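**Q** One structure follows; several queries about it will come next.
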Amino acid sequence: MSKPSTAAGETPPVHLAREGAILVVTIDNPPVNALGVAVRRGLMSAIEEGEADAGVAAILVTGAGRNFIGGADIREFGKPPQSPLLTELCNRIEACSKPVLAALHGAALGGGLEVALAAHYRVALGNARLGLPEVQLGLLPGAGGTQRTPRLIGAQAALDMMLTGRHLGAKEALSLGLVDQLVEGDSADHARAAGLRELQALLDKHAPVRRSRDGKGLADTAATQAAIAAARAEAGKKSRGLFSPHKIIDAVEAATTLPFEEGLALERQFFLQCLDSPQRAGLIHAFFAEREVQKAPETRNAQPRRIEQIGVVGGGTMGAGIAVAVLDAGLPVTMIERDDEALARGRGHVEKTYDAQVAKGRLTQEARDAVLARLHGSTRYEDLSAADVVIEAVFEDLNVKQAVFAELDRVCKPGAVLATNTSYLDIDAIAASISRPADVIGLHFFSPANVMKLLEIVVPRQVASEVVATAFELAKRLRKVPVRAGVCDGFIGNRILAVYRQAADYLMEDGASPYEIDAAVRDFGFAMGPYQVVDLAGGDIGWATRKRRAATRDPRARYVHIADRLCERGWFGQKSGRGFYRYPDGPRSGAPDPEVLALIDEERARAGITPRSFSKEDIQRRYLAAMINEGANVVHQRIALRPLDVDVTFLYGYGFPRHRGGPMKYADMVGLPNVLADIRAFAAEDPLFWTPSPLLVELVERGANFESLNQAG
Ligand code: 3H9
């Protein structure tokens, strides 16, 4: 092997080496070999060098480390583009007069796959994951992907890849014709060796260059047109309000009707439109934020404790959901209940989840039995003596929880992590009630606990750093998105929820109907409005909380009685057949209820309010302003480490539309001075509720935004 030379740059991310007549080009840009400008330059000059060197007969492109290429460098989007553009690089690779082969292992995603598609041949290792996930970032494949992919595998398969963004395994990629061959191995070295072997075989048989742009995937025009029409119909329903899916379909359609070069030009135009869209900014913020939340201070300075045996106290909805989440992660669970009957009910909840999966054909009976064999039940706390982590999920009452923790203190081994799944309660008070407060932490799961991704990790005052690190490790095992929160009533999510729900109630009493409010909130991008959520969760839950808080409520604060009036009538929502909506034909059939409107009118009259009308935008502005203002308070008081922690909480636990990035990112995009001006205008009616957050005021005065605080961790 000749001595490796390197392409341009001080720490070159592209290495060149010669193996006989083959030029081996290795992209080495940790962590994921993203195609930043230095990589693009290195690749461009590598192709030029291979083309110019008479001793080079063919070029192999591979990646160092765990992946081929993870895509374009997402951090460059939104900054001025630097030459060469990725699309120019791909065109140059495809135009090369000598055969170019890409050997794929790990991720070959987005621009990474586009580089591979521009090469003339492709082999993939079994661990390769191929995909065009740009849609998840509000983009479209902008380096020829929309033109080359359908030419290779047909419009239908190409649209499926681009509109779902899903990752294909190597076998599926082979069967679709996206790669030519599947080869043994799972490492960068294997990819290199296999690539060399295949390229040598191609050279031996004098295989010509073969360009994807000339592919025949679009030959069946009737099937192509049908696929495009179907994609449009589907996107009209599923991608309502999103920008890039529609542009993807337009670009693929261009591939079917226009010459390659014209299709490429159109793709570039659409790509730039996507790049300019606020949805791109929101989605890319979400991408980085969900990775950033994993990095709490304690995960840097402490090692997690052992997590092998898990205990769950309580077999109700939450306890059983948590047990399923733990079982799904492959861990054993010991569930504790107060008596055999309650234990049987708890086990029943867990079994029901797996039986449903068997009924749907997602799980075999044997697999179900194997999972359930890891679930142990007991009515004796002593059976938790070997547990590494115990998660308490009993009734939401401080005394009840403290009694459970006294038992845990008695039976658990030293060093066991003792977690409480509470939504509101004071975890400091729970920790202080036992002899080992440093082992106590909050793990706030969201219902259904085995489905919802969010896990608030609530960090009380006395907790040890390793306990926090253990909670983050557990979240990773359970495939949850962890957000670190401080102790306060409601932590991050429910605390903010309580405030914007209040804003919605004020809107309702002042003149908007619950149906108008829900529609405006859905129009913003939430799947459901606040009153639909109340009906789904059960109005009695919020009612109980309001009663609990009645004693501590600020007497000066405005209080809307409408929801209480509904509950007094037993209208708890879906489970009782009526709530804010009527459910004549079951839970999914919510219909507006004139009696609810009459009741609201009565309450307005009682409060001496003359109803006025609110536009959709008026509703959205108040709802969001309340959310943002309380989000700012939560950051200001260090309940959330950074604004991005609030964003991730809302994206994963409260249905905030991902393409808007989360409430704090949305506020930055609207402009903090505008948000503050709204709040000050609303304050004319209710200065107590609309007190601007000191953080919001400070940021506006400094001309700064929430993003500027996101590095603070
Ligand atoms: C595109 O290609 C557009 C083109 O069509 C057209 C252009 C003209 N850039 O996820 P991980 C960082 S759009 C920059 O924890 P894993 C990530 O932030 C792109 N940075 O690792 C993290 O940083 P940190 C299409 C990136 O092993 C670190 O790498 N591609 C990029 O679990 C590790 O990430 C995609 O959408 C990037 N492209 O998973 C793929 N990717 O350590 C996006 C990652 O500071 N990436 N980082 O927190 C992924 O899906 C996963 O990262 C991947 C690895 C599967 C690759």
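**Q** Of everything in region 122-139 that's away from the ligand (no atom under 11 Å from the Cβ) and open to solvent by 20 Å² or more (accessible area, probe 1.4 Å), which residue is farthest from Ser277 (Cα to Cα)?
**A** Ranking the candidates gives Gly126 first.
**Q** Can I ask one more? Going residue by residue through region 330-342, is there one that turns out to be surrounded by fewer than 16 Cβ atoms within 10 Å (Cβ to Cβ) and either within 16 Å of the ligand (Cβ to nearest atom) or hydrophobic (A, V, I, L, M, F, W, C) (or both)?
**A** No, every residue in region 330-342 fails to be surrounded by fewer than 16 Cβ atoms within 10 Å (Cβ to Cβ) and either within 16 Å of the ligand (Cβ to nearest atom) or hydrophobic (A, V, I, L, M, F, W, C) (or both).
**Q** Determine which single condition Leu327 fails, assuming it passes every other condition in (1) in the same structural domain as Arg347 (by TED's automatic domain parsing); (2) hydrophobic (A, V, I, L, M, F, W, C); (3) within 16 Å of the ligand (Cβ to nearest atom).
**A** (3)
**Q** A further question follows. Could you name every one of the strands (runs of 3 or more DSSP E) located completely within region 363-475 that has at least 2 residues being closer than 30 Å to Arg658 by Cα?
**A** Details: elements: 375-378, 389-392, 417-420, 440-445, 454-459.
Where strands (runs of 3 or more DSSP E) fall fully within region 363-475 and carry at least 2 residues being closer than 30 Å to Arg658 by Cα, they are 417-420, 440-445, 454-459.
**Q** Let me ask something else. Applying the selection to region 529-576, what residues are of a type in the set (Val, Ile, Thr) and either assigned by TED's automatic domain parsing to the domain that holds Leu425 or modelled with pLDDT under 90 (or both)?
**A** Step one: filter region 529-576 for residues of a type in the set (Val, Ile, Thr), giving 533-534, 541, 545, 552, 560, 562.
Ile541, Thr545, Thr552 - these are the residues of region 529-576 that are of a type in the set (Val, Ile, Thr) and either assigned by TED's automatic domain parsing to the domain that holds Leu425 or modelled with pLDDT under 90 (or both).
**Q** Select the strands (runs of 3 or more DSSP E) contained entirely in region 58-176, then report the ones holding at least 3 residues which are out of contact with any Phe, Trp or Tyr (no Cβ under 6 Å at 6 or more places or on another chain). Working first, answer last.
**A** On the way: elements: 58-63, 100-104, 107-109, 121-125, 129-131.
Fully inside region 58-176 and qualifying: 58-63, 100-104, 121-125, 129-131.
**Q** Does region 477-536 hold any residues that are aromatic (Phe, Trp, Tyr) and either within 25 Å of the chain's Cα centre (by Cα) or within 24 Å of Lys295 (Cβ to Cβ) (or both), and which are they? Quick ask: steps written out before the conclusion?
**A** Initially, region 477-536 is screened for residues aromatic (Phe, Trp, Tyr), giving 491, 500, 506, 515, 524, 526, 531.
Selection gives Phe491, Tyr500, Phe524, Phe526, Tyr531.
Every residue, every condition in (1) more than 16 Å from the ligand (Cβ to nearest atom); (2) open to solvent by 20 Å² or more (accessible area, probe 1.4 Å), yes or no:
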| residue | (1), (2) |
| --- | --- |
| Pro141 | no, no |
| Gly154 | yes, no |
| Met161 | no, no |
| Asp180 | yes, yes |
| Glu184 | yes, yes |
| Asp189 | yes, yes |
| His206 | yes, yes |
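This table checks each residue for (1) near the ligand (Cβ under 9 Å from one of its atoms); (2) in contact with a strand residue (DSSP E or B) (Cβ under 6 Å, 6 or more places away or on another chain).
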| residue | (1), (2) |
| --- | --- |
| Asn33 | yes, yes |
| Glu51 | no, no |
| Ala54 | no, no |
| Ile74 | yes, no |
| Phe77 | yes, no |
| Pro80 | no, no |
| Pro99 | no, yes |
| Ala103 | no, yes |
| Gly112 | yes, yes |
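The values are calculated or read from the model by the stated rules, or taken from the named source; none is laboratory data. Here the structure is a predicted model, which means the values were calculated and not measured. Neighbour counts run over all protein chains shown; Cβ positions are idealised from the backbone, glycine included. Only protein heavy atoms, including side chains, enter the accessible area calculation; ligands, DNA and RNA are left aside. Shrake-Rupley method; radii C 1.70, N 1.55, O 1.52, S 1.80 Å.
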